[in-house]
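The structure appears below as C-alpha cells.
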Amino acid sequence: MVCLARRKEWGAVSCGPWGIFWAAILSSVASVFASPARAQTSWIGYTEGRNDFEEGQYANWVTQRAWRVQADGSQRQEVAAGLVVEKDQWTQFAGWSPDGAKAIVGLHRESRENARWEREHRTFRMTEGWQSDAYLVSLADGELFCPTSVDRVSACNTGLFYLPKDRGFGFTPLIDGISKPFVMDLDGRNKRDLSGASNAFSYGYSISPDGQCISYHADYQVYIADAQGEHRIRISDQFPFQFAPRWSPDGQWLLFVAGEHYDCHPHVVRRDGTGLRKVADRGGYRGVVEVLKHPDFHSESSDLPVWGVDSKTIFFTAQIEGRIELMRADLEGNVQRLTFSSPGVRHYHPAASPDGKAILFGSDRTGQMQLYVRHLEEQQDRPITEAKPGFAAMHGHWQPQSPSPPPVLGRSP
C-alpha cells in the first residue's frame, strides 16, 4: 500500500521547497561501526551551504553543494562538482542506491527573476523559472545518469528513490502546479502517474520495503494505497495536520507526525490502517529548524522523527527547557533523552544506522550547524563535518555497504 501526501504551501522544508522529499528518503541505509574495515569504507552524504547571507533564501541556496564524508570524519569530498555550470544552480545530496555504489544528487536551478518575485510575494512559485532533476552518480567512475530527464514529464522532479527488487524508481514531478507520485523504469522510460484521477498535491511519497504499498499525505491527511495507487485508505480524520509518513524497516508500520500544524507529534499506525497511537510528545517544539541566520519566508527545515533499524524504536527531537534535544522512544511510549545541552542549543535531522549502533544528527552546539555521529553504547558524539562560519551542514544520509573503498568523487576542500 502507498501513502501519498498533498501540501498546499511549500513551507517547513529543508533549505528550499524540495527538502521534505529528501527528508522522507533519510531512512537509515548503512552500518558504520561493524568493523574497522567497514568504518573506512562507509560514507555519509549531506548538503552544505551558506546560511548567513541577508539577501534571502535564494542567495543562500545557490551556494549549496552535495558532499560526502567518511563516517569517522576523516575525509570529505564534493559529489558531482561538475553538475553546477551556472550561477543560479546548486546541488543537494538526496540519497543512495541500495548497494551504496551510486549517490542520488538533486540539481536545481531557479531564475533570479523568479526568486525576486517569490521574495516580494513571500510565497513559492514553482511553475516559473525552476528546473529540478535527480542524478545518479557512480562512485566508481563518476558517471552521471539523469533518469528524470528521459522522456521528461516535468521541469521540476524531486524525491527520487529506488523501487524494491530493481523494478525502477519512484519520484515526484510537478505537473501543472500539482505534485504527483510517479514511477518509471530503471532507464528512465515508461513514466506512470499513480495518482489516478486525483488532483491532490502529493507529498512525502514513499514505498514499503516489500514494494506492495505506497504512502503519502494529501491535504495534510495520510493515506495508504497499493503499489498501483489503488485501494486507497485514509488513516484517520481526527487530526487536522498529518505529515510525512515513513515505513518501518520491516514494512509493518508507518511513522508520521499528527496534531495541529506546528504542534504535531510522532504517531504510528499498522500498514492496514489499524493500531493508530501516539508514541511521544515534542514538548511544544514546532517541528522545524530555522536554517538561515536572517530568516526568510518559509526558510525553516522540517525536522521529522525516524525509525530505528529494529522497527521498534524511533528517534526524534523535542523541546526541553528552551533546548531542542535528541530523543528515543519505543512503540509503547517509553521515552529516553539522549542529549543534555546548554540553553538555546538545537539538535535536528536524526538518522539511525541500520545496525542500530549509531545515530547521525545535526547540532548547533558550537554555534555552527554541524553533523555528528554517536555510537549509542558509548554515548559519545563525534563531529564529522567542518562547516565554516556562515555555513550549515544538513540532512545526512548513511551509505549502504559498499564492496570496496570507492575512489575520490569530485574535489576535496
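Only the coordinates and a few stated rules stand behind these numbers; no lab work does. All figures in this text were calculated on a predicted structure; none of them were measured in a lab. Here the Cβ positions follow ideal geometry from the backbone for every residue, glycine too, while neighbour counts run over all protein chains shown.
Around ASP185, what is the net charge, scoring Lys/Arg as +1 and Asp/Glu as -1 over all other residues with Cβ under 14 Å from its Cβ?
+2
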key: Other-chain or far-sequence residues with amide H under 5 Å of SER236's (modelled H)   = VAL222
ask   = How much net charge surrounds LEU254 when only other residues with a Cβ under 15 Å from its Cβ are counted (Lys, Arg +1; Asp, Glu -1)?
value = +4
task = Give the Debye-formula value of log10 I(q)/I(0) at each listed q (0.12 Å⁻¹), with one equal scatterer per alpha carbon of the chain, two decimals each.
result = -0.90
request  = With the cut-off at 26 Å, report for region 248-366 the share of all Cα pairs above it, as a whole percent.
outcome  = 18
request  = Search the structure for amide H atoms under 5 Å from the amide H of PHE124, placed 1.01 Å from N in the peptide plane, and list their residues when 5 or more places away or on another chain.
outcome  = TRP10
ask   = Check ALA218: other-chain or 5+ apart residues with amide H under 5 Å from its amide H, H built from backbone geometry?
value = ARG6, TYR223
task = Please work out the Cα center distance from region 339-377 to region 284-313, rounded to the nearest Å.
result = 13
note = Least to most buried among ASP272, ASP193, by other C-beta atoms within 10 Å and fewest first, runs ASP272, ASP193
note = If SER353, SER198 are placed from fewest to most neighbouring beta carbons inside 10 Å, the sequence is SER198, SER353
Derived scalar couplings ³J(HN,Hα) [region 182-191; Karplus, 6.51 cos²θ - 1.76 cosθ + 1.60; whole Hz; x for Gly, Pro] = 10, 10, 7, 6, 5, 8, x, 9, 6, 6
request  = Please report how far the C-alpha centroid of region 91-163 lies from that of region 173-194, rounded to the nearest whole angstrom.
outcome  = 14
Given 16 as the ceiling on other Cβ atoms within 10 Å, longest exposed-site-free region of the chain for trypsin sites (Lys or Arg not before Pro) in DSSP loops = 313-410
Hypothetical label at ARG277: residues of region 325-364 whose amide nitrogen lies under 20 Å (7 Å Cα-Cβ projection) = 327-337
Around GLN89: net Lys/Arg minus Asp/Glu count, Cβ-Cβ under 9 Å = -1
query = Within straight cross-link reach of LYS180, meaning Cα distance under 18 Å, which lysines are found once same-chain residues fewer than 8 apart are removed?
reply = LYS8, LYS191
Excluding exposed DSSP-loop GluC sites (Glu not before Pro) (at most 16 other C-beta within 10 Å), longest clean stretch of the chain = 231-320
inquiry  = Less than 18 Å apart at the alpha-carbon level, and either on another chain or at least 8 residues along: which lysines does that give for LYS278?
reply    = LYS312
key: For region 251-258, Karplus couplings with θ = phi - 60° (6.51, -1.76, 1.60), whole Hz, Gly/Pro x   = x, 9, 9, 10, 10, 7, 9, 8
Karplus-derived HN-Hα couplings along region 58-64 (A = 6.51, B = -1.76, C = 1.60, θ = phi - 60°), whole Hz, x at Gly and Pro = 4, 4, 7, 3, 5, 8, 6
key: Over the chain: helical MRE at 222 nm, DSSP H runs n ≥ 4 each giving -39500 (n - 2.57), nearest 500   = -1500 deg cm²/dmol
